[in-house]
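For reference, the structure discussed in these notes is given below.
The values are calculated or read from the model by the stated rules, or taken from the named source; none is laboratory data. None of the values given here were measured: they were computed from a predicted structure. Quick reminder, even Gly has a Cβ in these numbers, built from the backbone with ideal geometry, and neighbours come from all protein chains shown. The protein model used for the area step is the full one, side chains on, heavy atoms only, and it has no ligands, DNA or RNA in it. Shrake-Rupley method; radii C 1.70, N 1.55, O 1.52, S 1.80 Å.
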Amino acid sequence: LMIDLHDKLQGKITDIELKRISIANLGTANKQIGKIQDAIKFYTQALELARENNSRQNECAALGGLGNCYGDLGDARKAIEFLEQALPITREIGDRRNEGTCLNNIGVIYHDMLGDNISAISYYKQALTIAREINDRTGEETRLINLSEAFTTDGQYLQAIETAKESLLIAIELDIPATYEYGYLSKAYLFNGQLVEALINTKEAQKFDE
């Protein structure tokens, strides 16, 4: 519905900012339904309009959208390229939350797509520091989970256990289902050879699926 409505607006908007908003919404909507190439086309147009209007915040948003789209396509190089263009803009405009999001997303690409655990851990740690500085507890919990997974795949099992425990405490505090938190804690225990602890946490994770 969003795509249909915004499609009808194309070519009829004269205000450059309203035009950018409509095109950016088309990018987001197309990405949500898996039409990634179309999303890239619209985010590219939104990026051009943001630069034309000298809107650094909207330029950053378009770059982030493009980075995430290329990540969905499995193109790690281009995904990192666009996210790293967005990163200094977040710092320039003082957008700490989006700075943390960029850092975290770059870390995900290094870990999930490139298998570079060391780089992933570095980006996750930077993102975690920002989440704590701005008291973003949800972001902090997510980055701890990501760190736990990266520590596990890098063979740093004790660090993986500690970060998973920290994420679990925040999940309990925020009253959110802790399936992943218990799951990653179980995985870290398992690889560390602590089979009883791994089993206990697996059972705790399963409770959320009942």
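Within 23 Å of Arg51 (Cβ to Cβ), part of a helix (DSSP H, G or I), open to solvent by less than 10 Å² (accessible area, probe 1.4 Å) and in contact with a helix residue (DSSP H, G or I) (Cβ under 7 Å, 6 or more places away or on another chain): does that describe Ala127? Spell out the reasoning first.
Details: within 23 Å of Arg51 (Cβ to Cβ): no; part of a helix (DSSP H, G or I): yes; open to solvent by less than 10 Å² (accessible area, probe 1.4 Å): yes; in contact with a helix residue (DSSP H, G or I) (Cβ under 7 Å, 6 or more places away or on another chain): yes.
No, not satisfied.
Take the residues in the range 131-150 that are hydrophobic (A, V, I, L, M, F, W, C) and open to solvent by 10 Å² or more (accessible area, probe 1.4 Å), then tell me which one is nearest to Asn68 (Cα to Cα). Walk me through it before giving the result.
Pass one, the range 131-150, residues hydrophobic (A, V, I, L, M, F, W, C): 131, 134, 144-145, 147, 150.
Keeping just the survivors that are open to solvent by 10 Å² or more (accessible area, probe 1.4 Å) gives 134, 145.
Details: Ile134: 24, Ile145: 20 Å.
Among those residues, the one meeting the criterion is Ile145.
Output the residues belonging to the range 1-16 that are in a helix (DSSP H, G or I) and either in contact with a His (Cβ under 8 Å, 6 or more places away or on another chain) or aliphatic (A, V, I, L, M) (or both). Walk me through how you get there before you give the answer.
Keep residues of the range 1-16 that are in a helix (DSSP H, G or I), which gives 2-9, 16.
Scanning the range 1-16 gives Met2, Ile3, Leu5, Leu9, Ile16.
Just one of Ile118, Ile176 is out of contact with any Lys or Arg (no Cβ under 6 Å at 6 or more places or on another chain), in a loop (DSSP other than H, G, I, E, B) and open to solvent by 60 Å² or more (accessible area, probe 1.4 Å); which is it?
Being out of contact with any Lys or Arg (no Cβ under 6 Å at 6 or more places or on another chain), in a loop (DSSP other than H, G, I, E, B) and open to solvent by 60 Å² or more (accessible area, probe 1.4 Å) holds for just one of Ile118, Ile176, which is Ile176.
Could you check the range 85-125 and list, in sequence order, the residues that are among the β-branched types (Val, Ile, Thr) and touching a residue at least 40 places away in the same chain (Cβ under 8 Å)? Walk me through it before giving the result.
Applying the first criterion (among the β-branched types (Val, Ile, Thr)) to the range 85-125 yields 89-90, 93, 101, 106, 108-109, 118, 121.
None; the set is empty.
How many residues are crowded, with 21+ Cβ neighbours inside 10 Å and basic (Lys, Arg) when one looks only at the range 38-68?
0
Can you go through Glu162, Glu166, Glu141, Glu197 and tell me which one is in contact (Cβ under 8 Å) with a residue 24 or more places away in the chain and in a helix (DSSP H, G or I)? Show your work before the answer.
Working: Glu162 fails: in contact (Cβ under 8 Å) with a residue 24 or more places away in the chain; Glu166 fails: in contact (Cβ under 8 Å) with a residue 24 or more places away in the chain; Glu197 fails: in contact (Cβ under 8 Å) with a residue 24 or more places away in the chain.
None of the other options fit; the residue is Glu141.
Please indicate, with yes or no, whether at least one residue in the range 155-164 is touching a helix residue (DSSP H, G or I) at 6+ places or on another chain (Cβ under 8 Å), over 19 Å from Ala120 (Cα atoms) and of a type outside the set (Asp, Glu).
no
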